[in-house]
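Heads up, the thing below is written out as structure tokens.
Each reported figure results from applying straightforward, stated rules to the coordinates on display, with no laboratory input. Keep in mind that what you see is a predicted model, and the values were worked out from it rather than measured. Here the Cβ positions follow ideal geometry from the backbone for every residue, glycine too, while neighbour counts run over all protein chains shown.
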Amino acid sequence: MRVAICPGSFDPVTLGHIDIISRACRIFDKVIVAVPTNPDKHFSFTVEERMEMLRLVTQGLNVEVDCVKGLLADYVREKHATTIIKGLRALSDFEYEFQMALTNKKLNPEVETMFLPTSGEYMFLSSSMVKQVAGFGGDISHFVPECLVQRIRERLSKERNGKA
Ligand code: PNS
């Protein structure tokens, strides 16, 4: 069975992420969407909330949602996966992603990183942009799945008003 890991913060998951995950599902038997439990960064949603949203929007796909406690390279080995899947939007993503791919390769020489180019319509999309628009009460329905719109708007408007 060919297993791929699709890691990311997913704070929150966007239609761009879902595009990458569902395309990876057509190439691999199983895709593990992995959220790191990285305590040093500020996130708008907890790891549990992000995992719950990911489970909701990947229903029906050959996806398992999990969290990564340590290094991704070790997690890949533990899960007997072959590949890390990352979406690439623009040239600006490349340097950071290339650095991560080479680091992971050094840490676990058996792992391959595969980049999928983002579909044209999601080229501009990022979780931070979604959060910015939602924080100002803007329309995010073109950026995230319908079932998450309200939840994201509520959290971000609370954050903006200092209540979260
Ligand atoms: O969505 P993001 O924030 O770009 O995802 C970054 C992610 C999750 C891929 C990266 O932070 C990661 O792999 N974290 C796990 C810890 C680790 O292995 N760090 C070294 C990677 S080079």
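Distance from the Cα centroid of segment 13-51 to that of segment 109-158 is 11 Å (rounded to whole angstrom).
Mean residue ellipticity at 222 nm, helices only, the chain: -13000 deg cm²/dmol; runs of at least 4 DSSP H residues each add -39,500 (n - 2.57), and the sum is divided by the number of residues. Restriction of the GluC sites (Glu not before Pro) in segment 41-116 to DSSP coil positions whose beta-carbon has at most 16 other beta-carbons within 10 angstrom yields Glu110. Given R₀ = 25 Å, FRET efficiency for Thr103-Arg23 by Cβ-Cβ distance, to 0.05? Plugging the Cβ-Cβ distance into 1/(1 + (r/R0)^6) gives 0.55. In plain terms, if you count all Cα to Cα distances in the chain and split them into 5 Å steps from zero, the share in each step is 1, 9, 18, 21, 22, 16, 8, 4, 1, 0 percent. Checked against a 22 Å cut-off, the cross-linked pairs Lys69/Lys158; Lys79/Lys131; Lys79/Lys106; Lys41/Lys86 give Cα-Cα distances beyond that limit for Lys69/Lys158; Lys79/Lys131.
A Gaussian network model of the chain, with springs between Cα atoms under 10 Å, assigns the largest mean-square fluctuation among Ser126, Ser92, Ser44 to Ser92.
What net charge is computed for the residues neighbouring Glu97, neighbours being all others with C-beta under 14 Å from the C-beta of Glu97, Lys and Arg scored +1, Asp and Glu -1? Local net charge: 0. The Cβ shell under 12 Å around Leu71 holds other residues with a net charge of +1, Lys and Arg each +1, Asp and Glu each -1. Computed over segment 3-148, relative contact order equals 30 percent, with contacts defined as Cα pairs under 8 Å that lie 6+ residues apart. Magnitude of the charge dipole for the chain, about its Cα centre and with charges confined to Cβ atoms of Lys, Arg (+1) and Asp, Glu (-1), is about 140 debye.
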